[in-house]
Amino acid sequence: MRRMIRNIRVMDPHDGFDAVTDLAMADGRIVARGTLPVGFTAEETLDGSGLIACPGFIETAFQGHTPGHGRDGDLASELRAAVAGGVTQVVLRPDTRPMADNPAVLQAQRTLADRLDLAKVHLSGALTTQLQGAALTEMAGLAEAGAIVFSQAKASVASAALLRLALSYAADLGLPVWLHGEEAELAAQGVMHEGHSSIRLGLPGRPATAEQIGVQRDIAIAALSGCPIHFPHLSTVAAVAEVAAARQRGEPVSCGVSVHHLLLTEQDVGFFNPHAKTLPPLRPAAERDALRLAAATGAITAISSDHSPWGVDRAGMTFTQAPFGIAAVEWLLPLALRLVDEGVVDMMTVLGLLSVGPARAIGLPAPSLVAGAPADLCIFDPEAYCIVEPALQWSHGRNLPYGQWELRGQVRYTLVEGRVVYRR
């Protein structure tokens, strides 16, 4: 369809473009940003007055529960939640049931994603069998089945020798590896940050040092093969500093952070609130503030919702029993804009952390709204306010600690290759 958006503010972090102008799309691509081609006629024209258009967001840690039992949602429900949040591309986590450690699972995921035809879905293959860190998967077979990254999801590889071998194979295949940087024995069975709050609540803690040591080790091992690695969900400034130092040495290392670790702290666990149980855990306010500075200065290059939906049948579990994770992909934009409202970063920086940075971590071209680019975009009202109602969200997940928060920014349209996949 030939579509035109009139009088809209275009913010493109890829090249820094920021102006009120017109956008024209045809055959799934941007054909003009500004002056329209001679003779261009649109089948649909949208009024963009008061709205902002930006490249669609890329969710780098997306649990779609496909395959799975469906009680916590599935690819259909969670992709609808994603596009409602302005997300046009997702990277599936491999810790499904069964896990994405064999080509058949990836083929089934691709078939369903193509049939749904919502957001663009990128597949990740498990780095080790069952993500147990004991044996490598058939990595070449997973790559042939469509994996564009290898991932350990929320598990680390204890064996340094096995990790070195895995990274060497990934380097030969030309694919990046996403790692959960944590020293497993030191983290043990901790369910929240190790500190005063965990002692007060009597809960086993995960020390911040476990993340720093794990990231430091993984970077050193990756340097032996030159394989690009990405840590999608760091939670401590010490670990981020390890990544920054490696990048200064010219090593292909990057890191991201969940929006939750930029907004919440260990205090949000309150009195055993399972909706604030994340992996890595929420840290003290000083760590959160240091992560905010790292995002503002470029040490952190991507923000995600780390989408992990758990259904209503998880209600009633104790904090220790409850699974890790927060389901907030459709609130990603307004949550991220909270950082703008609080003076942490400007809007252009936030939009880049949601789009350009994640693309670079995957090894994909940076999304943009220049002529010729795929017409994958989010259109939102920056002045519309909304109240978070967990029971009304598209996701089947009910595990989010933002209930009744008032947030600024509301997605009006999400387009994937010029198709409107969400309209409010």
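Normalising by the residue count of the chain, find the relative contact order in percent from Cα pairs under 8 Å and 6+ residues apart. Don't skip to the answer; put the middle values down first.
Details: 1033 pairs, mean separation 84.7, N = 424.
It comes to 20 percent, rounded to a whole number.
Which residue, L335, L264, L46, tops the fluctuation ranking in a GNM of the chain built on C-alpha contacts under 10 Å?
Evaluated over the chain, the most mobile residue of the options is L46.
Across bins of 10 angstrom width beginning at 0, how are the C-alpha pair distances of segment 56-164 distributed, in whole percent?
It works out to 16, 48, 29, 7, 0, in whole percents.
Give the Rg (one decimal place) followed by the Dmax (whole number) of segment 1-128, computed from C-alpha coordinates and expressed in Å.
Final numbers for Rg and Dmax: 18.2, 55 Å.
Rounding to the nearest 10 and keeping the result within 0 to 90°, find how far the Cα-based axis of helix 160-173 lies from the longest principal axis of the chain.
The angle comes out at about 30 degrees.
In whole percent, what relative contact order does segment 4-83 give with Cα contacts below 8 Å and a gap of six or more residues?
28
For helix 208-222, what angle does its Cα long axis make with the longest principal axis of the chain, in degrees from 0 to 90 and rounded to 10?
The answer is roughly 80 degrees.
Taking the Cα centre of the chain as origin, work out the dipole magnitude from +1 charges on Lys and Arg Cβ and -1 charges on Asp and Glu Cβ, in debye rounded to 20.
For this selection, approximately 240 debye.
Return the Cα extents of the chain along principal axes one, two and three, sorted largest first, each rounded to a whole Å.
65, 47, 44
Over 24 Å apart: what share of the alpha carbon pairs of segment 216-357 falls there, rounded to a whole percent?
Pairs farther apart than 24 Å: 34 percent.
To the nearest Å, what is the center-to-center distance of segment 368-406 and segment 22-99, using C-alpha atoms only?
11
Considering only DSSP beta bridges whose two residues both sit in segment 1-94, what percent are antiparallel, to the nearest 5? Working shown, then result.
Details: 12 of 22 bridges.
Close to 55 percent.
Show me 195-203, 173-181, 294-302 ranked by packing, highest mean number of other Cβ atoms within 10 Å first. Please list the in-between numbers first.
Numbers: 195-203: 14.8, 173-181: 22.6, 294-302: 20.7.
The peptides rank, most packed first, as 173-181, 294-302, 195-203.
Return the ratio Rg/(2.2 N^0.38 Å) for segment 363-424, where Rg is computed over Cα atoms only.
In units of the 2.2 N^0.38 Å rule of thumb, it is 1.40.
Calculate the length of the line joining the C-alpha centroid of segment 344-367 to that of segment 148-180, in whole Å.
23
When all C-alpha to C-alpha distances in segment 303-347 are sorted into bins of 10 Å, what percent of pairs does each bin hold, rounded to whole numbers?
Per 10 Å bin, starting at 0, the Cα pair percentages come out as 25, 36, 26, 13.
Treating segment 201-295 as a set of equal point scatterers at the Cα positions, no solvent, please give the Debye-formula log₁₀ I(q)/I(0) at q = 0.14 Å⁻¹.
Normalising to I(0) and taking log10 leaves -0.52.
Compute the acute angle (0 to 90°) between the alpha-carbon long axis of helix 75-84 and the principal axis of greatest extent of the alpha-carbon atoms of the chain; round to the nearest 10°.
60
For the chain, give me the percentage of DSSP beta bridges that are antiparallel, rounded to the nearest 5 percent. Working shown, then result.
Working: 30 of 61 bridges.
Beta bridges within the chain, antiparallel portion: roughly 50 percent.
Go through D114, D218 and list them by solvent-accessible area, largest first, probe radius 1.4 Å.
D114, D218
Report relative contact order for segment 1-46 in percent, whole number only (criteria: Cα-Cα under 8 Å, sequence separation at least 6).
Taking the mean separation of contacting Cα pairs over the length of segment 1-46, I get 44 percent.
Using modelled backbone amide H atoms (1.01 Å from N, in-plane), which distant-in-sequence or interchain residues come within less than 5 Å of R412's amide H?
I379, F380, D381
At 4 °C and a viscosity of 1.567 mPa s, what translational diffusion coefficient does Stokes-Einstein give for segment 131-268, taking Rh as the Kirkwood radius over Cα pairs? Give it in µm²/s as a whole number.
82
The values are calculated or read from the model by the stated rules, or taken from the named source; none is laboratory data. Not measured: the values here are computed from a predicted model. Reconstructed Cβ throughout: ideal geometry from the backbone, glycine too, with neighbour counts over all protein chains shown. Only protein heavy atoms, including side chains, enter the accessible area calculation; ligands, DNA and RNA are left aside. Shrake-Rupley method; radii C 1.70, N 1.55, O 1.52, S 1.80 Å.
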